[in-house]
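A quick write-up on the structure given underneath.
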Amino acid sequence: MTVPAHPSHVASPAASGPAPHSFWQRYRVIIVAVTLFIVIDLGVLMLNFYTSFKIAEDAVSVNLSGRQRMLSQRMTKALLTLELERRDGRDTGPAREELRSVVDLFDRTLHGFNTGATVPGGDGNPVYLTAVADDGGRKVVADALARWAPYRLALAPVLEGRASPSQLGIAVAYARNENLRMLELMNDLTSVLEVNATRRADFLRMVQSVGILLALLNFIYILYKFLSSLRRADQATEAVNEENREILDSVREGLFLLHPDFTLGTQISRSVGTLLGRAPRPGDRLPDLLGPLLFEKDLKDARDYMELLFSPHVLENLVHSINPLSCVEVKTLNALGKEERKFLSFSFNRVLDDGRVRHLLVTMQDITARVALEQQIDAERGRARQEFSSLVQALGADTGALRHFVARAETQLLQVNSLLRSLSEQAGTAEVRKTLEKVFRLVHTFKGEAAALHLDLLADMAHNFEDELQQLHNKDRLNGDSLIQLPLQLEGLLEKIAVFKQIPLNPGTSDDPAQTADHALARALQLASRAAADLGKQVHTRLVFEDGALEHPWAQDPELGSLVIQLARNAIAHGIETPAERSAAGKPEAGLLTLTLARRASGELEIHLRDDGRGLQPAAVRQRLLDLGWYPPAELDRLSDLQILGQITKPGFSTAEPGGIHAGRGVGLDAVLQEVVRLGGRLWARSSPGRGSTFGIVLPGESRREPARTPA
Amino acid sequence: MATLTEDDLQLFVDAVKHYLKATSKQEPEITSAFLGDSSVIAHEFNGIVSFMGGYSGQILVSMPEGMLRELLVLQHEHDLSETNLLDAVGEVANTLAGNARKVFGPDLEISVPTRLRGAQGITARVRPRPYVITFRWHRHPALVCVDLERR
């Protein structure tokens with residue numbers, strides 16, 4: 001998974017498809033529908049205004065036609081009042097004035113109905129009276145005008161105040177004749193105008209209803225189109241989200257965006273949880289998630305690195321190489337809830353927007369397999385080198401000794417396997433521990449012989465095996481799970497021995513019995529020089545066969561070489577001093593190991609290994625026993641020096657520093673003793689402080705060749 | 001021959017341990033681990049799963065009749081017929097295979113468990129000497145034989 005180092009933007013779904021739609025194309029239908037909605041609304045509004053205006057005019061007309069009815073009656077009343085006042089000789093001025101006012105108003109209003117004119121309204125303010133347009137109305141107005149014209153003429157002298165009694169009588173007669181008819185005509189006019197107004201109001205209602213209905217339909221259409229469009233957009237978004245989710249769920253890498261405050265973005269691939277051992281949530285801080293997994297320094301380096309990446313002036317390509325999380329080891333819980341070590345790789349890529357670092361795209365990978373493979377390749381390379389070197393050494397070695405070693409080693413390792421197998425039938429921890437001690441002795445003997453033949457690879461592998469066994473042995477309570485690793489170690493050794501078995505070894509080179517014994521024991525002593533060099537010591541060796549010893553059956557027994565190796569290694573590790581110590585003690589810098597084989601008169605073979613080292617030191621052994629806690633101090637005080645020295649063959653006892661390949665296991669003398677006892681012999685030791693020690697083995701007259709050891 | 005790691009072996013052991021612990025609340029105790037050959041005689045009831053992919057070979061889970069009977073009783077199972085006992089040991093082998101898939105990944109091809117009746121010597125398939133891990137549960141001995149190689 002790679003992200004361009006150059007400014008990048010997250011591609012929108014449309015960007016990868018056909019050319020994007022314009023705004024008009026995308027929203028055309030909705031725009032048309034909304035425009036229609038506005039047009040309908042405006043149309044209805046305008047019609048509404050117009051009709052309302054007309055209704056207002058109608059209201060004025062209806063109102064004034066009603067006033068005409070009232071004026072016709074007031075006119076008659078004023079005329080009759082005037083007639084009565086004249087008859088009574090009273091002042092007729094007010095009545096005439098009232099009559100004039102009413103006649104004038106009636107006349108103007110009636111003409112207004114006919115032609116349209118501005119007339120005083122109900123409140124006295126001028127209003128425009130629209131001419132009656134309706135045919136029925138016009139007919140009524142025409143009829144009223146026809147009747148009003150002579151009536152108006154008859155009233156003229158009265159209004160001018162010069163009417164004779166007869167003229168007044170004519171006017172009164174007119175009033176009496178026309179009053180009712182005029183009232184009816186004005187009534188008719190009012191009715192006609194009311195009908196018109198009602199019709200117009202009905203029309204307005206209809207227009208409004210239709211307008212609202214159209215607007216409603218249009219709104220529903222807009223809503224439908226809008227919702228459809230929204231649903232399509234949602235479906236597209238959902239599809240994008242679903243694809244996004246599928247990608248994030250299935251991608252093996254851990255992917256997420258990191259904000260400048262180191263919090264995680266909302267899109268996090270599922271693998272992140274698997275890789276970190278816990279599922280993070282959007283908004284979690286990356287340093288908090290990594291805190292439990294990393295060392296404090298690594299975490300600080302990671303934080304500094306991320307801050308660098310968020311700084312725009314730092315070139316991304318230049319800092320990639322200093323990414324502290326490119327390969328980091330973490331401990332997490334696996335799918336079974338069990339702690340496991342793994343290697344993770346984090347890579348950070350900038351996500352830029354207008355030259356500003358908005359996020360870091362973080363990619364996590366589990367590179368455990370890759371790292372393991374690299375380590376395996378390195379290990380294999382080292383092992384191959386070592387194996388090659390071992391093979392070269394083996395080919396240069398004494399082929400007879402090598403052949404004997406290979407044959408014995410396989411037997412020893414199969415015995416180890418039998419002992420491991422027998423653990424299943426052992427009940428107590430003590431029994432198991434005892435069996436493991438036997439395994440340890442076998443492995444230790446194997447290691448010694450491999451080292452004697454300079455088979456370093458085998459010696460190292462055996463040493464590692466010993467380490468595992470030692471750790472097991474040191475545990476207070478043996479846990480069955482810790483046994484699981486043992487067959488793996490054993491198998492490794494068996495595989496290597498199988499390789500050595502395939503090396504063609506010339507059986508004829510060393511089959512002369514005397515030569516075999518000589519070579520085997522000389523080879524055993526060769527270890528001395530080698531182990532001494534490893535320990536910073538110098539040593540010379542001497543091999544002495546006294547009369548008849550070389551022909552003794554035991555002298556030709558390869559197992560004798562194994563015993564000598566153990567004794568020699570023990571003498572070099574514990575007896576021989578360093579050159580400086582020897583010089584200080586007035587001795588030559590190089591120590592001397594003398595191996596002497598002598599045939600006793602009884603037929604037994606006696607083997608002495610003498611060193612001129614520091615000798616057994618009871619005080620050091622006593623202190624070591626105290627450190628090991630094997631005896632309470634008071635009991636140690638009661639033991640004689642001889643009894644104290646008797647402890648050195650016990651399993652687990654060693655005065656050397658632990659962990660070295662040549663000593664420190666506390667097994668060497670124990671293994672020798674066990675082997676000597678198995679062969680039916682005896683082991684003894686003699687020592688003189690400052691002058692050296694001699695370890696002696698006495699073996700019976702006959703060589704007891706019984707290679708098959710049965711596990712106890 | 002690609003050697004397996006201790007973690008690989010531990011995985012198979014853990015699977016059996018978890019199964020038995022979940023069933024009986026008592027974890028089995030590992031009693032030994034060694035290299036097996038035909039002289040190692042398995043128990044009466046055996047479940048075998050074969051692997052292909054990242055690993056090849058097979059794993060054998062072998063249990064005695066008494067142990068399986070006890071297991072079934074603990075699971076409130078009344079049918080203690082041979083078929084059911086074989087099913088039980090097959091289920092343990094299947095659980096083990098499932099755990100292997102969880103850890104080794106979905107690329108691992110695992111067969112359905114083969115169930116076999118009869119105590120026989122262990123037959124090596126891919127390793128010269130397969131790993132044998134013995135354990136004890138409720139006094140009953142049982143074993144897991146891992147005969148796998150990493151590809």
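Every read-out reported here was derived from the displayed coordinates using simple, explicitly stated rules and does not represent laboratory data. On a predicted model such as this, the values are computed, not experimentally measured, just so you know. All Cβ positions, glycine included, derive from the backbone under ideal geometry; neighbour counts span all protein chains shown.
Which of A:Ile644, A:Ile31 has the fewest other C-beta atoms within 10 Å, and how do the rest follow up to the most?
A:Ile31, A:Ile644
Mind checking A:407-417 for the average number of partner chain beta-carbons within 10 Å of each residue's beta-carbon?
Rounded to a whole number, the mean comes out at 1.
Label point 7 Å out from A:Asn334 along Cα-to-Cβ: which residues of segment B:1-42 have amide N under 17 Å?
Within reach of a label on A:Asn334: B:3-19.
Could you grab the relative contact order for segment B:32-151? Cα pairs under 8 Å, six or more apart, rounded to a whole percent. Can you show the working numbers first?
Details: 252 pairs, mean separation 53.0, N = 120.
Relative contact order, segment B:32-151: 44 percent.
Given 4 °C and 1.567 mPa s, compute D for chain B with the Stokes-Einstein relation, Rh being the Kirkwood radius over Cα pairs; round to the nearest whole µm²/s.
D, rounded to a whole number, is 85 µm²/s.
For chain A, treating each Cα as an identical point scatterer without solvent, what Debye log10 I(q)/I(0) comes out at q = 0.06 1/Å?
Evaluating at q = 0.06 Å⁻¹ gives log10 I(q)/I(0) of -0.67.
Per residue of segment A:95-112, in order, report the coupling 6.51 cos²θ - 1.76 cosθ + 1.60 (Karplus, θ = phi - 60°) as ³J(HN,Hα) in whole Hz, putting x for Gly and Pro.
Residue by residue, segment A:95-112 yields 5, 4, 5, 4, 4, 4, 4, 5, 4, 4, 5, 4, 5, 5, 5, 5, 5, x Hz.
Can you pick out the pairs among A:Lys297/A:Lys331; A:Lys297/A:Lys475; A:Lys338/A:Lys475 whose Cα atoms lie more than 26 Å from each other? It would help to have the intermediate numbers written out before the result.
Values: A:Lys297/A:Lys331 16 Å; A:Lys297/A:Lys475 34 Å; A:Lys338/A:Lys475 23 Å.
From the list (A:Lys297/A:Lys331; A:Lys297/A:Lys475; A:Lys338/A:Lys475), the Cα-Cα distance tops 26 Å for A:Lys297/A:Lys475.
Using the alpha-carbon centroid of each, what span in Å lies between segment A:457-480 and segment A:217-247?
Segment A:457-480 and segment A:217-247 have Cα centres separated by 68 Å.
Have a look at A:Asn177, A:Val319, B:Gly36 and report the one farthest towards the positive end of the charge dipole of the protein assembly as shown, computed about the Cα centre with Cβ charges (Lys/Arg +1, Asp/Glu -1).
Final value for the positive-end residue is A:Asn177.
Which angle between 0 and 90 degrees, to the nearest 10, do you get for helix A:618-628 versus the longest principal axis of chain A when only C-alpha atoms count?
30 degrees
Assign unit charges at the C-beta atoms only (+1 for Lys and Arg, -1 for Asp and Glu), then state the dipole size of chain A relative to its Cα centre in Debye, rounded to the nearest 20.
In debye, rounded to 20, chain A gives about 2000.
Where in segment B:97-120 is the amide nitrogen less than 12 Å from a point lying 7 Å along the Cα-to-Cβ axis of B:Ser81?
Those under the cut-off are none; the list is empty.
Can you give the mean number of other chain Cβ atoms that lie within 10 Å of the Cβ atoms in peptide B:131-139? Before the final figure, lay out each step's value.
Numbers: counts 5, 5, 6, 6, 2, 3, 0, 0, 0.
The per-residue average across the peptide is 3.
I'd like to compare A:356-365, A:342-351: which one has the highest average count of other Cβ atoms within 10 Å, and what's the full order after that?
The peptides rank, most packed first, as A:342-351, A:356-365.
Simple spin-label model, 7 Å along Cα-to-Cβ: A:Ile212 to A:Glu242 in nm?
4.4 nm
Other chains' Cβ within 10 Å of A:487-495 residues: what's the mean?
Across A:487-495, the average partner-chain Cβ count within 10 Å equals 5.
Helix-derived [θ] at 222 nm for chain A: sum -39500 (n - 2.57) over DSSP H runs of at least 4, divide by residue count, nearest 500?
-20500 deg cm²/dmol
Please compute the contact order of segment A:518-603 in relative form: average sequence separation of alpha-carbon pairs under 8 Å and at least six residues apart, divided by the residue count, as a percent.
Computed value for segment A:518-603: 43 percent relative contact order.
Once Lys and Arg get +1 and Asp and Glu get -1 on their Cβ, which of A:Pro618, A:Asn241, A:Leu80 lies farthest toward the positive end of the dipole of chain A?
Of the listed residues, the answer is A:Leu80.
Provide A:Leu488, A:Leu609, A:Leu419, A:Leu628 in ascending order of the number of other Cβ atoms located within 10 Å of each residue's Cβ, fewest first.
Ascending number of Cβ neighbours within 10 Å: A:Leu628, A:Leu488, A:Leu419, A:Leu609.
Treating segment A:321-371 as a set of equal point scatterers at the Cα positions, no solvent, please give the Debye-formula log₁₀ I(q)/I(0) at q = 0.20, 0.26 Å⁻¹.
-0.75, -0.97
Can you compute the modelled spin-label distance between A:Lys475 and A:Asn114, with each label point 7 Å from Cα toward Cβ, in nm?
13.2 nm
If you rank A:Ile576, A:Ile648 by fewest surrounding Cβ atoms within 10 Å, what's the result? Let's see the in-between values first.
Values: A:Ile576 27, A:Ile648 22.
Ordered by Cβ neighbours within 10 Å, fewest first: A:Ile648, A:Ile576.
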